[in-house]
Amino acid sequence: MAKRIDVSDLNVYYGDFKAVEDVTMTVEPRSVTAFIGSSGCGKSTFLRTLNRMHEVTPGARVQGKVMLDNLDVYDPSVDPVAVRREIGMVFQRANPFPTMSIYDNVIAGAKLNNQRMNKRRADEIVERSLRDANLWEEVKDRLNKPGAGLSGGQQQRLCIARATAVEPTVLLMDEPCSALDPISTLAIEDLIAKLKENYTIVIVTHNMQQAARVSDRTAFFNLAGTGQPGRLIEMGDTNKIFTKPDKKETENYITGRFG
Amino acid sequence: MTTTTEQTATGSPGDGPNLKATGLYTRTLPPYFPFALLAGCLIVVAGAFHLLGAFHPVPVAVVAGIAYLASIAAVSATVENGRRAADRLVTGIVYCCFIVAMVPLVSLLATVLVYGIKRFDLYFLSVSMNGVIPSMDAGGVYHAIVGTLVITGVATAISVPVGLMTAVYVVEYGRGRLKQAITFFVDVMTGIPSIVAGLFVVALWILLFGPGNTNGLAGAIALSVLMIPVVVRSSEEMLRLVPNELREASYALGVPKWLTIVKVVLPTAVAGLTTGIILALARVIGETAPLILTAGMASTRINANPVDGDMMSLPVYIYKAVRDMGLSGQAGAYAEERAWAAALTLILVVMLLFLAARLVSRFFSPHTR
């Protein structure tokens, strides 16, 4: 069920401002791809164009092509809502729905879309998603308590469970661990390693150790200068990027010589 | 007044002298000192006024307050330091302002309660003024309660959908000129004098039904003209408070925008929305002028049908009773009692609404346990 993403010549604009320029890359299925780069270089912006989430921001638009296997994501006849069902997303800050219980948060994708499902099926989905997210043991006795009552790390895993419950083919993660302590971060990294058996995972991170630990391939983004658009500098196997990158800029960033 | 305490540094003994040398240590007035000083000021000032033979609580309170502020600042500046003196002075001023703000409120409630309670009983609440002539020691407010509930109920039924949907448009969909125009006109509408809203509906009714037609529906429409902008404003604020992350979380699950609004944004904001609506309702429930123009003031019968002629309401009832106070003999006295009792009824109705608002917001707001 995991799918490949092919991006070619993608430019992203906010109004007249070009935020990301000329990105061409392939994201392999059943693997973890990490985006690294300094703040404001367009990693998150680019990530959000993959499932058309950037359209939520007024004035944002895109030129270029994003293919999800054979589907052109930006084809005029494609509904962005359907794209987002295919490509799930986990955000920097855990955002469980405050009005819903833990149980309802997990099946929120179906509930909010008014999909009818019987109790047995819903129970199954909730248990499977929470087990996938390594959260089941911690919350199985309080599924009807509000999701907002969990700790930060548990909330983030709840959000991952919520994203996987709608069975997407790709999972985008925008700095999912940046607000978490090392233990919760470890739990989520384990989870990513487990999820990549079934999903295509793209993760934006500022933590280079994390990129090195969890990802199979790494893409390095950088700005040409202030006010300039962000660019994809280099992409390759994580081992290669972190040991002998082709570009000087990448090496400087990885070794902490600028930033 | 040398009620200072010598506060020795209670930590490790070696710190004492060092702290003194750095200027971090100051002597402190004991906690009871401000209260004692205030009591002292009150006694001295009251005694002085009494000796002069001009005792009255209001000037005593004012002079004692000023004396307290001056003396606490002086004592604190001598015993403590300048910063603490400023703190105590400003704290005193803030409390004084608070008391000044509370005086009219408490006085109003107390006065209405004292005068209103004379006629406020089950009989008064359960009968109308039908067939009651001014000199009769009879009649009540039931028809006005019914009228107020019907008129404000209809006004709410009109205002809430219109106001809420306008707010949803402005916050969730609105872009550019149209959004700016709507926001601007809503702001302008907030400032419309209530009598103008009444005149607008009178003009409308004359165009539609000819002159001389007054009924509850006209009153409800006049009130909704006043209520809609308040509902829009408060709902707008509440919808903006819903974090954008929740909307994005919903979009990321493949939920369309309208379902996101209906199932995520509105439920998250429901407590604030309800409170805002009830506050808007409480704001219009006391409107008198537009109701005199639109719902008439002749009705003395129990009329729960908003399209069946004049409809009495509590504020208009009060106005009418106050006008009747000029009648000679017992009639004037009865009218005065009725006015106070009806005012008490109105305040109680509004208080019940506020209580409901508090309960609703407690009940609906998202819980964490």
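For region A:3-93, applying the loop criterion from DSSP together with a ceiling of 16 other beta carbons within 10 Å to the trypsin sites (Lys or Arg not before Pro) yields A:R30, A:R93. Just so you know, the averaged projected area of the alpha carbon convex hull for chain B sits at 31.4 nm². In the protein assembly as shown, helical runs assigned H by DSSP with n ≥ 4 each contribute -39500 (n - 2.57); averaged across all residues and rounded to the nearest 500, the mean residue ellipticity at 222 nm is -18000 deg cm²/dmol. Note on B:C96, A:C41, A:C159: ascending count of other Cβ atoms within 10 Å places them as B:C96, A:C41, A:C159, the fewest first.
For region A:153-256, what proportion of DSSP beta bridges, expressed in % and rounded to the nearest 5, is antiparallel? It would help to have the intermediate numbers written out before the result.
Values: 7 of 12 bridges.
Taking every DSSP beta bridge within region A:153-256, about 60 percent pair in antiparallel fashion.
Take every Cα pair under 8 Å whose residues are at least 6 apart in sequence, average their separation, divide by the length of region B:133-282, and the relative contact order is 31 percent. Looking at the calculated P(r) for region B:77-151, what percent of the C-alpha pair distances fall above 17 Å? Within region B:77-151, distances greater than 17 Å cover 69 percent of Cα pairs. Each of A:E21, B:E237 was scored by other Cβ atoms within 10 Å of its Cβ. Listed from fewest to most, they are B:E237, A:E21.
Among A:T226, A:T200, a tally of other beta-carbon atoms within 10 Å of each Cβ gives an order, fewest to most, of A:T226, A:T200. Only lysines eight or more places from A:K196 in sequence, or on another chain, were considered; those with a Cα closer than 23 Å are A:K3, A:K43, A:K240. Per the Cauchy relation, a quarter of the hull surface: what is the mean projected area of the convex hull of the alpha carbons in region A:134-175, in nm²? Quarter of the Cα hull surface area: 3.5 nm². Region B:149-263 has equivalent-ellipsoid semi-axes of 34, 15, 11 Å, by the square roots of 5 times the alpha carbon gyration tensor eigenvalues, sorted largest first. Summarising the label geometry, the points placed 7 Å from Cα in the beta-carbon direction at B:S71 and A:A224 lie 7.7 nm from one another. Kirkwood's formula applied to the C-alpha pairs of region A:128-200 gives a hydrodynamic radius of 12.5 angstrom. Taking other residues whose beta carbon is less than 15 angstrom from the beta carbon of A:P80, and scoring Lys, Arg as +1 and Asp, Glu as -1, yields +1. The convex hull built on the alpha-carbon positions of chain A has an orientation-averaged projected area of 14.0 nm².
Size of the protein assembly as shown: Rg and Dmax of its alpha carbons, in Å, are 34.6, 106. Within the straight-line cut-off of under 26 Å between alpha carbons, the lysines reachable from A:K119 are A:K111, A:K140, A:K145, B:K263, sequence neighbours fewer than 8 places apart in one chain being disregarded. For A:L71, no residue whose modelled amide H falls within less than 5 Å of its own remains once neighbours fewer than 5 places apart on the same chain are excluded. Peptide B:241-249 is shielded by partner chain Cβ atoms: per residue, an average of 5 of them sit within 10 Å of its Cβ. When peptides B:64-73, B:250-259 are ranked by their average number of other Cβ atoms within 10 Å per residue, the highest-first order is B:250-259, B:64-73.
Where a number appears in this text, it was derived from the coordinates with a stated rule and is not lab data. Every value quoted in this text rests on a predicted model; they were computed, and no experiment measured them. Methodologically, a virtual Cβ is constructed for each residue, glycine included, from the backbone with ideal geometry; neighbour enumeration extends over all protein chains shown.
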